[in-house]
Structure formats: structure tokens, C-alpha cells
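A quick write-up on the structure given underneath.
The values are calculated or read from the model by the stated rules, or taken from the named source; none is laboratory data. Please read all numbers here as calculations on a predicted model, not as lab measurements. Heavy atoms of the whole protein, side chains included, go into the accessibility calculation; ligands, DNA and RNA do not. Shrake-Rupley method; radii C 1.70, N 1.55, O 1.52, S 1.80 Å.
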Amino acid sequence: MVVNAQLNKSQFIRLSILYHIQRKQFYFFALTAAVVTGYAIYSQTYVLLVVVWIPFLMYLGIGIFGAYREGSKENNPVYLPTRYEFTDSGIVISNKENQGKLSWDQLSNWQIIAKTYVLTLKNGQILAFPQNALSSVESPRLKSLLNKHIKV
């Protein structure tokens, strides 16, 4: 199965921000902020709010800033038209600047985020392409192929 696709700037930025707030670190900061906020309000120790909310807001700010910074780069390789060839042995990825191959055991997960297929590699990197790059017939075929080869 072959998918020809490319991300645009708004898709990349939206995906980057959503991916940033789905990391384990976000949940750690959010849970810590919630617990400490509850305690600070209960005990009327409001200085704790500053201590816990500054790191949480910095985490969010750094992620959003990074998404916009990377998304602003006109020569970002994610904007190149890319060919993804899904085979029984893996995925061949090629564009005008590069070509590579991933075996299925290099992938740890796949999901759909912001109308984009996101394939996560075991090293934490991701491959992403928009859902609208596939027809209504191809989409179920791809989902079946991904479920077959990527063991979550």
C-alpha cells in the first residue's frame, strides 16, 4: 500500500502542540499542579501556587513556542511531499531529499491525532501524515495493516 502525503504548517503546529500535551511529563505537571493547588487553597498557603504553576506554565509555553518555531521554518522536511510504502516487512519512506526504511519492530504505537495518522517509533520520534491523504477505501486497509504489524 502506498500513501503520498505531506503536512501543511497548521497541521504540523497543531499536531506538535497536541503531541506535547499528551506526553507523560504533561500529566505529571498537571497532576502535581492540581494536588498542590488543592492543598494551597485548603491551607491558605497561596505562595505554593507560584511554586507549582510556574514550572507547569513554563512546560506548556516551551512546547507551544517550540511548535511555532519549528513550524515557521519554511525548509522543514515535514512539508515535503513524501511517499510512504507500507509492506509486510516495514515502511519505505522517501521524498526528494531522503529515503529510508523502517521495520515494523521499530514502531511502538500508532494513533490518529488532529486528523493525522501518527506512527510512534520506539526511540520516541514520530511519522505523521494527514488522514485526507487516503481514500475512504484505503483508510480501513491502512488501519488493519497497522493493527496487524504494530503490537501495542
Note on the stretch 83-152: alpha-carbon gyration tensor, axes a ≥ b ≥ c; rule is a/c under 1.5 for rounded, else prolate if a/b larger than b/c, else oblate; result rounded
How much of the accessible area of the stretch 1-77, in percent, comes from carbon and sulfur atoms when a 1.4 Å probe is used? 69
Per the C-alpha gyration tensor (a ≥ b ≥ c, the square roots of its eigenvalues), the stretch 76-122 is rounded if a/c is under 1.5, else prolate if a/b beats b/c, else oblate; here it's oblate
Cα convex hull of the stretch 32-102 - mean projected area over all directions, nm²: 7.8
Computed Rg/Rh of the chain, alpha carbon atoms with Kirkwood Rh: 1.09
For the stretch 47-124, what is the accessible area per residue in Å² when the probe is 1.4 Å? 59
